[in-house]
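Asker: One structure coming up, written as structure tokens, with questions to follow.
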Amino acid sequence: MNSGSTTSAPICFNHTLLILDSSTYHAAVNSEFIKKFAYSQERQLKRYKGFYMFGKTNYIELFHPKSFDGHEEEAGGMWINLAPLKANYLKSLEWEGRDHFHYGSDEHFHDLSLILKDSVNPISTWEMTKEHYESWTHKKYNDSLDFLPVDYYSQQDSDPSSNYAMNDVIGIALITNHSDSRAMTDYLTTVGFQLVAEKGGVTTLANNDQFIELHRSEDQRSPAIYKYVIRLNEPVQPVDVIIGSSRIHCEGTTATWYFLEHP
């Protein structure tokens, strides 16, 4: 994606979170392949510990069920975070009146989230506040500002990524039931994705060169990540690598990381 383009790409991926089973998590942390594939490290943060894989402008957070202090999460839990590339973008959207949309603010971000049944939150869009933008980027904020994807990103994490194969996450595929798929489609088209296709139980939405696929399965209780599609910095020969119960396939300038069997 052209970092300076905000007209055709009003939002971008910032990061995505996935809770793996413990054996797959530890396999990823200790994988010699991943150490060469992406700038990555396990980090102990306040109240949780996770494994981070950094691209040029976005990143993946991996956890296991006991990563979080004081409670245990269920394997398969996920979250996608999007970032607007224009100041006041969230305020310009027509989201009011939708029961499954929730808008809120704190000192760091304005937040528009999708809330499904049982309070499941699969996706949010965070826009930086003026105060956070200026303290984080050390640049002046104005009401017509064009954000860059890297404005939401730590430069110390972004810079080393060029030395690794992983460039950025460009696609995410999820398995959802019909009701959740409709809600996610409504949310994604509201925040700036375009509906590209609905075929064979798969809904594809795109935003410039980033895309989300929704694969419908009525057995799916809540949305789950089926695969990540990752752009590579250089072409590679075909290779398949098993990471616990997941699989990474690399070929040409793309890597696809599968976590679930196709529905």
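What follows is calculated from the coordinates using simple rules that are stated; it is not laboratory data. What you are looking at is a predicted structure, and each value in this text was computed from that prediction instead of being measured. A quick note on method: Cβ atoms are made from the backbone with ideal geometry, for glycine too, and the neighbour counts reach across all protein chains shown.
Asker: In terms of Cα to Cα distance under 16 Å, which lysines are near enough to K66, apart from those fewer than 8 places away along the same chain?
Answerer: K46, K49
Asker: Take the chain, connect every pair of alpha-carbon atoms lying under 10 Å apart with a spring to form a Gaussian network, then pick out the residue of D143, D118, D159 with the largest mean-square fluctuation.
Answerer: Most flexible of the set in this elastic network: D118.
Asker: Then there's this: Below 12 angstrom from the Cβ of Y52, what's the summed charge of the other residues (Lys, Arg +1; Asp, Glu -1)?
Answerer: After counting each charged neighbour, the total is -1.
Asker: Here's something else I'd like to know. Peptides 133-139, 72-78, 43-49: what's the order by average Cβ count within 10 Å, highest mean first?
Answerer: In decreasing order of mean packing, 133-139, 72-78, 43-49 become 72-78, 133-139, 43-49.
Asker: Size of the dipole of the chain about the Cα centre, Lys and Arg at +1 and Asp and Glu at -1 on the beta carbon, nothing else charged, in debye to 20?
Answerer: Computed charge dipole of the chain: roughly 340 debye.
Asker: Here is a further query. Suppose each label sits 7 Å from its Cα in the direction of the beta carbon; what would the S217-E261 distance come out to in nanometres?
Answerer: 0.8 nm
Asker: Counting only other residues whose beta carbon sits under 12 Å from that of N167, what net charge do I get with K and R as +1, D and E as -1?
Answerer: Residues near N167 contribute -1 overall.
Asker: Going Cα to Cα from K199, which aspartates and glutamates come in below 12 Å? Please leave out same-chain ones fewer than 8 positions away.
Answerer: Cα-Cα hits under 12 Å: E213.
Asker: How much length would be gained if the chain were fully extended between K139 and S105, taking 0.36 nm per residue of separation minus their Cα-Cα distance, in nm to one decimal?
Answerer: Taking 0.36 nm per residue and subtracting the Cα distance, the gain is 10.1 nm.
Asker: Just report the Cα centroid separation between segment 20-46 and segment 198-241, whole Å.
Answerer: With segment 20-46 and segment 198-241 each reduced to a Cα centre, they are spaced 21 Å.
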